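A.B. asks: I am attaching a structure below and will ask some questions about it afterwards.
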Amino acid sequence: MTLTRGTKAALIAVIVGVMCLVLQPYFAWLGKWPAAWTFPVNEWLSSGVGAILDLFKPVARGLSWLLAFPMDGASWVLGNTPWPIVIAATAALGWRLGGWKMALLGLFGLSFVLISGYWAQSMRTLALVFVSVPLALLMGLAIGVLAFEVPRFRGAVNATLDVMQTVPTFAYLTPLLFLFGFGPVVGLIASAIYAAPPMARNVLLGLERVEHDIREAAIMSGGTRRQQLLLVEIPAAGNQIMVGVNQSLMAALSMVIIAAVIGGFDDIGWEVLLTMRKAWFGQAFLAGSVIVVFAIVIDRMSATLATQRQHYDAKIGWIILAIGAILAFVVRIDPAEIALLDGVADVVDTSVGAFTAANGAALDSVKNNAMFYGLLPLRIGLDQAVLPFTWGFQWQPSYSLWFFAAAVALAGLCAARGRMLTGLTILLCAGILETGIADLPWPFVLVGVCAVGWASGGWPLVRLCAILLGLILLSGLWERALLSLYLSGAAVFACAIVGGLLGFWAAVSKTAWVILRPMCDLLQTIPLFVFLIPVLMFFQIGEFSAFLAICLYAIVPMIRYTRHGLTTTPDDLIEAAKSSGANTWQTMREVRAPYAAPSILLGLNQTILYAFAMLVIAALIGTTGLGQSIYLALGQADIGLGLSAGAAMAILALIADRLVQGFAEERRKALGL
Amino acid sequence: MTDKNSAAPAIAVEGLWQVFGEGARNSLQKIGTQDTRDTAAKLQDQGLIPAVRDANFEVQSGELFVIMGLSGSGKSTLIRCISRLVEPTAGAVRIDGEDILQASDKRLIDLRRNKLGMVFQHFGLFPHMSVADNVAFPLKMQGAGRSERRARALEVIKLVGLEGREDAYPRELSGGQRQRVGIARSLAVNPDIWFLDEPFSALDPLIRRQLQDEFLNIQATLKKSIVFITHDIAEALKLADRIAIMRDGEVVQIGTPTQIVLNPIDDYVREFARDVPKGRHMTIGEVMEPVGDGPLAGEWPELRTGMSLEDALTQCAATFEAVPVKDGDGKVVGMVRPDTFVKALGAEAT
Ligand SMILES: Nc1ncnc2c1ncn2[C@@H]1O[C@H](COP(=O)(O)OP(=O)(O)OP(=O)(O)O)[C@@H](O)[C@H]1O
Ligand SMILES: [Mg+2]
């Protein structure tokens, strides 16, 4: 009998797992990686990188001093321009970009900001974005063009961008904090660095996609290389580059708000953080809404750049601006005194309070059930999670035996029916559930991941996985990494199932997509930070809230990609299936689902990356593991810990990314796409 | 053109090879090019792609030279070698006697700005520029001033029949109109040598015929040296002064349309010529016999050696009497004239 790669990999994992379980009582080092085998990586990094960064410190401080000018300038201008003019300017810009719709969006969006009472803070945030985005766009453009022009760099640039995408947001901040010192400039630079990769990626993609004939037409017209690039290729790639501008703007906004945790700048992110810490949920909700409104206005307006645009008369734009200027003379109300929505905040506060008071028991039981029967066993295993307090009885070692025996029987049944892989997977799941992810023996994780890597991408991927996981082991961050793995794994699992089902639903029902689509759009526009507010309101600080926040954020790609994959099956395939007599469900199962597999896998991949990104933010409301370490390191300005924990997090994300990509690639090849 | 070069052919291609893949040049040098087939086989064994194999031909000034071949036979690659859009692996290309493969980058830009024009299969229009800006782009590269550019652009736009659309954008045009823009752009600097890579393939048959006719009109007045690629034998026969047939990167036959149709060198070429209505491309001179002692006196239709077989047949048929047509029972139900016959079969009377 020949085994498929996947089956062999699963078999290896099972064998190693069983060996670990059996031998663990005799060799303690099989369970936990001994502390004696780790290196003081944190200290090395602290002193090593610290020394290097020290060299750059003068330059950095100089830069910081320089950047303070445009930032203070923008901040002063925005802060001192009368609000009618700012609103009118936004509406006028909206008009130019997308006609009445965008003008109204700008008008209502900023009016909401005004009456929320957070005008001044919002303008400070906006000032940061205004200064950081041009920097990011320039860097991104330069990197993208360079990578395109010098093919030798392309691989390296792409790899760097990949890594930058997986490095958690907070991890950027610690070294920057060290270099630039406390203050808003750190947020500025962090957001410029964070926002540059999407731009670079889209520039490169856009340039690569310029049609061959267009490129050659420019050459044959006798343009020099520079003329070709500036006059033809970059403009021809314009739409894709504008997609980059849009993504870059959103990334910058998100990072500016996250950077508020450093403090020192009274912007809207800081306001959210402050009110959240004080548990003033009404105000936090209001400030969070301001951020969301900002995000929507910026996103929708800049998205029009990437579409085929009509021309909207500049005159009307000037008229709108003039009206704003006149209003500025007539209406002289200090925005700080406008806090029309404080009442709303109070209402939110009291109603949330009333709701939690009235449904406290129900909410608690949701939370406790999820914790006791889902998260906790996954984390520490049935053997420790089943207690009289949680499940009503105490887990005995003999239960483990029965549990395993049942799993083996089930697996044997599957194997006998020729479903070897399913059987082995059942065994693996049973083992993980009994032991708990946080308590998994390291040889099992190492070998298991490598085996999956082998099934997904062959030996090169095995090598990558082994080296990267080895690094985590040696750095002594292994246990924290497992904790992070557990929480993100649980969230990804939940997202995959719920998101997959929702995506499926959206694929078969138009109404469903009409409902889900705006929700997905909204969830994808909201900066990471804001997700924490609603979960905190109802479930307080804790792992379950973190889990929910991660799920809320990470579920979107799963829905989108599943639907996309299922709805884009070529018509001729579906017609061929129909004419063979397949009914709707058979078509779905036999044709659409296999065809959608690569797309769904890509969705899963995105969901994983999103989950890791949110995991770090969720450290703010109580998670353990790497996210917490990164957050702590930021607070203590501990570069060593910040870097190593950030790197470990990036490693986990990178490995997950490569594994899933490998499978998606294989599926694509199998389908001949 | 200087006098010195006026005798040289517009384009001369000698022993041209284009091999794609890592280290192609070294491999080709090592293997040598004595036997084309053998060399190509060895290159392929190494995983290289010999897209053009030992091409040799000349295009005379004012000649319309058509390159024909199946998809993937290396036509585009050959034309890209001549215009040096790709760097040939071996061989020589001379344009008006000048070895273009030795030309510096600066010289190359100069040549492209002034002497070469190219039309692309998928038009290659700049999406962010209006029709006029597209057409004026080569002039802009030449450094012409704005008003001068606009004037010249309008002139060529008129030549290709797109007057009034000069401020439209490519996305607002139909396929045929887009290719007119492509043609106008390539003519803007009034090049001496004109490359067209399957310019009409992406268009539907009616538009294609129309553009072919207009193309012939333009060529009749401009008299450029042209390399025209197509995979459509009818198009080749209609346009060409001479045709080169390519297969698997090799030029297998070069000749006038008649030579290609009447004396195909091998089955591959014959296969191309198979569907060609011979009556339209063979002349009566090619089938006539020497004058013996046949009945040559009397009233005969006017036949000339240059006449196509179809025309001659129509003329001959006109001299016959009408023939009766009977139904199944042998009753006469009508009559038919032989020349109606011939016309009905597709030959047109002249
Ligand atoms: N840049 C390249 N790299 C590698 N191989 C190439 C490259 N360009 C062309 N080829 C190969 O060279 C061969 C000839 O291609 P070419 O485009 O010249 O064909 P063609 O005759 O123009 O075909 P078509 O009628 O489809 O345009 C093909 O096998 C093609 O795959
Ligand atoms: Mg071609």
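A.B. asks: Exactly one of (1) touching a Ser or Thr at 6+ places or on another chain (Cβ under 8 Å); (2) within 23 Å of A:Leu601 (Cα to Cα) is unmet by A:Pro460. Its number?
C.D. replies: (1)
A.B. asks: With the structure loaded, tell me whether A:Leu229 is modelled with pLDDT of 90 or more and surrounded by fewer than 24 Cβ atoms within 10 Å (Cβ to Cβ) or whether it fails that test.
C.D. replies: Working: modelled with pLDDT of 90 or more: yes; surrounded by fewer than 24 Cβ atoms within 10 Å (Cβ to Cβ): yes.
Here the answer is yes, as A:Leu229 does meet what is asked.
A.B. asks: Which of the residues that make up region A:238-250 are surrounded by fewer than 24 Cβ atoms within 10 Å (Cβ to Cβ) and of a type outside the set (Val, Ile, Thr)?
C.D. replies: Matches in region A:238-250: A:Gly238, A:Asn239, A:Gln240, A:Met242, A:Asn246, A:Gln247, A:Met250.
A.B. asks: Take A:Val163 and decide whether it is among the aliphatic types (A, V, I, L, M) and within 14 Å of chain B (Cβ to nearest Cβ). Step through it out loud before you land on a result.
C.D. replies: Working: among the aliphatic types (A, V, I, L, M): yes; within 14 Å of chain B (Cβ to nearest Cβ): no.
So A:Val163 fails the test.
A.B. asks: Can you pull out every residue in region A:207-235 that is touching an Asp or Glu at 6+ places or on another chain (Cβ under 9 Å) and more than 12 Å from chain B (Cβ to nearest Cβ)?
C.D. replies: Of everything in region A:207-235, those that are touching an Asp or Glu at 6+ places or on another chain (Cβ under 9 Å) and more than 12 Å from chain B (Cβ to nearest Cβ) turn out to be A:Leu207, A:Leu229.
A.B. asks: Give the residue, chosen from B:Ala184, B:Ala220, that is among the small types (Gly, Ala, Ser) and crowded, with 21+ Cβ neighbours inside 10 Å. Give the derivation first.
C.D. replies: Details: B:Ala220 fails: crowded, with 21+ Cβ neighbours inside 10 Å.
Residue meeting the stated conditions: B:Ala184.
A.B. asks: Show me the helices (runs of 4 or more DSSP H) entirely contained within region B:114-192 in which 3 or more residues are under 20 Å from the mean Cα position of the chain (by Cα) and at the interface with chain A (Cβ under 10 Å from one of its Cβ atoms).
C.D. replies: B:175-187
A.B. asks: Out of the residues in region A:534-572 that are among the polar types (S, T, N, Q) and under 22 Å from the mean Cα position of the chain (by Cα), which is farthest from A:Glu590 (Cα to Cα)?
C.D. replies: Restricting attention to region A:534-572, the residues satisfying the condition of being among the polar types (S, T, N, Q) are A:540, A:545, A:562, A:567-569.
Among the residues that remain, those that are also under 22 Å from the mean Cα position of the chain (by Cα) are: A:545, A:562.
On the way: A:Ser545: 39, A:Thr562: 16 Å.
Out of the qualifying residues, it is A:Ser545.
A.B. asks: Only one residue in A:Ala36, A:Ala103, A:Ala13 is in a helix (DSSP H, G or I) and exposed (fewer than 14 other Cβ atoms within 10 Å of the Cβ). Which one?
C.D. replies: Details: A:Ala103 fails: exposed (fewer than 14 other Cβ atoms within 10 Å of the Cβ); A:Ala13 fails: exposed (fewer than 14 other Cβ atoms within 10 Å of the Cβ).
Testing whether each residue is in a helix (DSSP H, G or I) and exposed (fewer than 14 other Cβ atoms within 10 Å of the Cβ) leaves just A:Ala36.
A.B. asks: Scanning region B:189-204 for residues that are more than 13 Å from ligand 1 (Cβ to nearest atom) and at pLDDT 90 or above, which turns out most open to solvent (accessible area, probe 1.4 Å)?
C.D. replies: B:Asp192
A.B. asks: Could you check A:Met199 against (1) at the interface with chain B (Cβ under 10 Å from one of its Cβ atoms); (2) buried (at least 24 other Cβ atoms within 10 Å of the Cβ) and say which number it fails?
C.D. replies: Against the list (1) at the interface with chain B (Cβ under 10 Å from one of its Cβ atoms); (2) buried (at least 24 other Cβ atoms within 10 Å of the Cβ), A:Met199 comes up short only on (1).
A.B. asks: OK, next. Out of curiosity, is A:Leu501 assigned to a helix (DSSP H, G or I) and at pLDDT below 90? Step through it out loud before you land on a result.
C.D. replies: Working: assigned to a helix (DSSP H, G or I): yes; at pLDDT below 90: no.
Criteria not met by A:Leu501.
A.B. asks: Does at least one position in region B:51-63 carry a residue that is of a type outside the set (A, V, I, L, M), more than 14 Å from every other protein chain (Cβ to nearest Cβ) and within 11 Å of ligand 1 (Cβ to nearest atom)? Before the answer, list the steps.
C.D. replies: If we filter region B:51-63 for residues that are of a type outside the set (A, V, I, L, M), which is where we start, we get B:53-54, B:56-58, B:60-63.
Okay, now just the ones that are also more than 14 Å from every other protein chain (Cβ to nearest Cβ), so B:53-54, B:56-58, B:60-63.
Then keep just the ones that are within 11 Å of ligand 1 (Cβ to nearest atom); that gives B:53.
Yes, region B:51-63 contains a residue that is of a type outside the set (A, V, I, L, M), more than 14 Å from every other protein chain (Cβ to nearest Cβ) and within 11 Å of ligand 1 (Cβ to nearest atom).
A.B. asks: Answer with yes or no whether A:Ile437 is closer than 26 Å to A:Pro40 by Cα, open to solvent by 20 Å² or more (accessible area, probe 1.4 Å) and either in contact with a Leu (Cβ under 8 Å, 6 or more places away or on another chain) or hydrophobic (A, V, I, L, M, F, W, C) (or both). Write out each step before concluding.
C.D. replies: Working: closer than 26 Å to A:Pro40 by Cα: yes; open to solvent by 20 Å² or more (accessible area, probe 1.4 Å): yes; either in contact with a Leu (Cβ under 8 Å, 6 or more places away or on another chain) or hydrophobic (A, V, I, L, M, F, W, C) (or both): yes.
Considered against the rule, which asks whether it is closer than 26 Å to A:Pro40 by Cα, open to solvent by 20 Å² or more (accessible area, probe 1.4 Å) and either in contact with a Leu (Cβ under 8 Å, 6 or more places away or on another chain) or hydrophobic (A, V, I, L, M, F, W, C) (or both), A:Ile437 comes out as yes.
A.B. asks: Does region A:63-70 include one or more residues that are farther than 30 Å from A:Ala633 by Cβ and not β-branched (Val, Ile, Thr)? Break it down into steps so the answer makes sense when it comes.
C.D. replies: First pass over region A:63-70, keeping only residues farther than 30 Å from A:Ala633 by Cβ: A:69.
Among the residues that remain, those that are also not β-branched (Val, Ile, Thr) are: A:69.
Within region A:63-70, one or more residues are farther than 30 Å from A:Ala633 by Cβ and not β-branched (Val, Ile, Thr).
A.B. asks: Hey, B:Asp248 hits all of (1) farther than 30 Å from B:Ala318 by Cα; (2) open to solvent by 50 Å² or more (accessible area, probe 1.4 Å); (3) more than 16 Å from ligand 1 (Cβ to nearest atom) but one; which does it fall short on?
C.D. replies: (3)
A.B. asks: Tell me, which helices (runs of 4 or more DSSP H) wholly within region B:1-85 include 1 or more residues that are of a type in the set (Ser, Thr, Tyr) and open to solvent by less than 10 Å² (accessible area, probe 1.4 Å)? Quick ask: steps written out before the conclusion?
C.D. replies: Details: elements: B:3-6, B:24-31, B:36-45, B:75-82.
Where helices (runs of 4 or more DSSP H) fall fully within region B:1-85 and carry at least 1 residues being of a type in the set (Ser, Thr, Tyr) and open to solvent by less than 10 Å² (accessible area, probe 1.4 Å), they are B:36-45.
A.B. asks: Exactly one of (1) within 14 Å of chain B (Cβ to nearest Cβ); (2) open to solvent by 20 Å² or more (accessible area, probe 1.4 Å); (3) among the aliphatic types (A, V, I, L, M) is unmet by A:Ile193. Its number?
C.D. replies: A:Ile193 satisfies all of (1) within 14 Å of chain B (Cβ to nearest Cβ); (2) open to solvent by 20 Å² or more (accessible area, probe 1.4 Å); (3) among the aliphatic types (A, V, I, L, M) except (1).
A.B. asks: Okay, next question. Of the residues that make up region B:76-89, is at least one away from chain A (no Cβ under 14 Å) and within 16 Å of ligand 2 (Cβ to nearest atom)? If you could, list the steps in order and put the result at the bottom.
C.D. replies: The initial filter retains those residues of region B:76-89 that are away from chain A (no Cβ under 14 Å), namely B:78, B:88-89.
In the following step, the residues that additionally are within 16 Å of ligand 2 (Cβ to nearest atom) were identified as B:78.
Yes, that holds for at least one residue.
A.B. asks: Quick test of your reading of the structure: B:Asp133 fulfils all but one of (1) open to solvent by 20 Å² or more (accessible area, probe 1.4 Å); (2) within 16 Å of ligand 2 (Cβ to nearest atom). Name the failing condition by number.
C.D. replies: (2)
A.B. asks: Consider only pairs whose beta carbons are under 6 Å apart and that are at least six residues apart or on different chains; among these, list those whose first residue lies in region A:233-257 and is part of a helix (DSSP H, G or I) and whose second residue is aromatic (Phe, Trp, Tyr).
C.D. replies: Listed pairs, sorted by first residue: A:Ala251/A:Tyr194; A:Met255/A:Tyr194; A:Ile257/A:Phe529.
A.B. asks: Any chance you could count how many residues in region B:194-219 are within 16 Å of ligand 2 (Cβ to nearest atom), out of contact with any Leu (no Cβ under 9 Å at 6 or more places or on another chain) and hydrophobic (A, V, I, L, M, F, W, C)?
C.D. replies: Going through region B:194-219 one residue at a time, the tally reaches 2.
A.B. asks: Same structure, new question: What single numbered condition from (1) more than 16 Å from ligand 2 (Cβ to nearest atom); (2) away from chain A (no Cβ under 14 Å); (3) touching a residue at least 60 places away in the same chain (Cβ under 8 Å) fails to hold for B:Thr230?
C.D. replies: Of everything listed in (1) more than 16 Å from ligand 2 (Cβ to nearest atom); (2) away from chain A (no Cβ under 14 Å); (3) touching a residue at least 60 places away in the same chain (Cβ under 8 Å), B:Thr230 misses just condition (1).
A.B. asks: Continuing with the same structure: Any residue in region A:261-269 that is open to solvent by less than 10 Å² (accessible area, probe 1.4 Å) and in a helix (DSSP H, G or I)?
C.D. replies: yes
The values are calculated or read from the model by the stated rules, or taken from the named source; none is laboratory data. All of these numbers come straight from a predicted model, not from anything done at the bench. Cβ coordinates were reconstructed from backbone atoms using ideal geometry, including for glycine residues, and neighbour counts include every protein chain displayed. Heads up: the accessible areas ignore ligands, DNA and RNA and are worked out on the full protein's heavy atoms, side chains in. Shrake-Rupley method; radii C 1.70, N 1.55, O 1.52, S 1.80 Å.
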